[in-house]
Amino acid sequence: MADDNYGSDNTNDPTIDFGDEFGVVRFGSDDDSGPALSFGGNETEQLPHWTEPATGEIPRFMKQDTQSARRPAAEIDDETDVWSAYNEPTGDVRQPPVDLTGGSRRFETTTPPPVERPRREGRIVIGTDPTGETRRPAATRDASGAQTRPTQVTRAGRSPQGSRPIQRPMGTRPGATGSMSRPPMGGRDLPTATAVGALLLAAFIGALLLSPAAVMIIVLAAIGLAAFEFFTQITQAGYRPISIVGIVGCVATPAVAYWKGDSAIPLVLLFAFIATSLVFVSGDSVESGPVPNSAATMIALVWIGLMGSYAGLILRWSTLGDAFAHRGTDTLFIIVAGVVANDIAAYFVGTAIGRQPLREWISPKKSVEGVIGGTIGTFVIVVLVGMQSTTWTTFGSWILLALVISIMAPLGDLTESMFKRNLDIKDFGTLLSGHGGALDRFDSMLFVLPAVYYLGMVITPWA
């Protein structure tokens, strides 16, 4: 039936009615007069056939899109808002629409303005002075116009807070105003000094008559007291030396010298230095001042311990046999007599006629005239005592011995005075009334002992 209806229908009506199930279906006509393709209501030109040559023109839909790129963004958003549902996953943040037409639209991004951070307070810029003033002390000029160096101490004791070295001008006492001259000091108590000196001399002569070992005990006691005085004063001045190592080393050095000879002296000094280094290595930080405080410890070991050990080496000469029983004791007795004569003569001559200061910045009361007077007194006493000696028996040896004492005794006295001036103290101790401490009394002796020892080893006056 369907074929009959379809075949018998000779009309050109392109529609077929399939009933209620499919409705009416209309087929296109065979009229080819219209455009081959059309896009709804858009007025677009017919696309050329693929066999025709290219014209190089832009299709209209591309032209429209190019023109739309120059239109306001609001109008374009209205036309493309249909795609916004696919570009907004969640939230209120609206994503820019995606151009699916191949046009020239681009996502416009904006760069936020740079944020200026506030300048940090307290930042130090290299090449500037945050304090507004230079830290280097300005050079000063004297009356002649020459520059003088600023006087800053080089000592490195710690402040009460333990963080910075103590610094104050050299040559000034605590509370002073920068004066380089020491305040006047009281003179020597001559009656007391004479009585104490006579007592010491009597004890020394008694030990000489007894045995070299008895003299050695007096030497060790004097060196131990001198070391104790030194470490006490230098600790009060702000340094932190290893006092126990220093005192033990100062006493052990002359003891081993008398017992084993000069070959044992370096061993004691080596052990003392290692012990000092070990103490500072075990410290918490560099604030302990290992360099200045180790140096302070070693100064005492060299000045008091090493130089004092030559007293033990000289006394050791008397232990080498019966033929040399008085070699060491005679030599030490001449040394003591010559140093005492030098000190007394220099004092009286300098007080009477002293005009030219020897080293005014160290000790204004020591004069050139005093040194000359001390030298004369030394020569007189050395010759008189040498005439009674069985060890130093020639006039030439007496002259050389007196010359060495006259040079080294004032040097030892000046060295001790220089240290006291740097520490701003009058004496290292008060044990010996009229003389100060043991170090104040035997300072000259420390420099004379090694010089006389090597003089005796070279000229051998007993040969």
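The values are calculated or read from the model by the stated rules, or taken from the named source; none is laboratory data. Note that this is a predicted model, so its numbers are computed, not measured. In this analysis, Cβ positions are derived from the backbone assuming ideal geometry, glycine residues included, and neighbour counts consider all displayed protein chains.
Kindly provide the set of residues from the stretch 202-224 that are more than 21 Å from W259 (Cα to Cα) and modelled with pLDDT of 95 or more, ordered by number.
Across the stretch 202-224, there are no qualifying residues.
I want to confirm something. Restricting to the stretch 359-382 and keeping residues that are of a type in the set (S, T, Y) and either touching a residue at least 24 places away in the same chain (Cβ under 8 Å) or in a helix (DSSP H, G or I) (or both), which single residue is surrounded by the most Cβ atoms within 10 Å (Cβ to Cβ)?
T378
Take the conditions modelled with pLDDT under 95, out of contact with any Gly (no Cβ under 9 Å at 6 or more places or on another chain) and β-branched (V, I, T) and apply them to T390. Does it pass?
Against the criterion (modelled with pLDDT under 95, out of contact with any Gly (no Cβ under 9 Å at 6 or more places or on another chain) and β-branched (V, I, T)), T390 qualifies.
How many residues, within the stretch 405-445, are surrounded by 20 or more Cβ atoms within 10 Å (Cβ to Cβ), at pLDDT 90 or above and not basic (K, R)?
Selection size over the stretch 405-445: 16.
Determine if the stretch 388-396 includes at least one residue that is assigned to a helix (DSSP H, G or I) and over 47 Å from the mean Cα position of the chain (by Cα).
Yes; the residues of the stretch 388-396 include at least one that is assigned to a helix (DSSP H, G or I) and over 47 Å from the mean Cα position of the chain (by Cα).
May I ask you to verify whether A438 is touching a residue at least 40 places away in the same chain (Cβ under 8 Å) and either of a type outside the set (F, W, Y) or within 12 Å of I335 (Cβ to Cβ) (or both)?
yes
Within the set of pairs 6+ apart or on separate chains, which have a first residue in the stretch 424-435 that is among the acidic types (D, E), a second that is crowded, with 18+ Cβ neighbours inside 10 Å and part of a loop (DSSP other than H, G, I, E, B), and C-beta atoms under 6 Å apart?
D427/G437
Residue by residue through the stretch 383-399, note down the ones that are buried (at least 19 other Cβ atoms within 10 Å of the Cβ) and in contact (Cβ under 8 Å) with a residue 24 or more places away in the chain.
Matches in the stretch 383-399: V385, G386, S389, T391, W392, S397.
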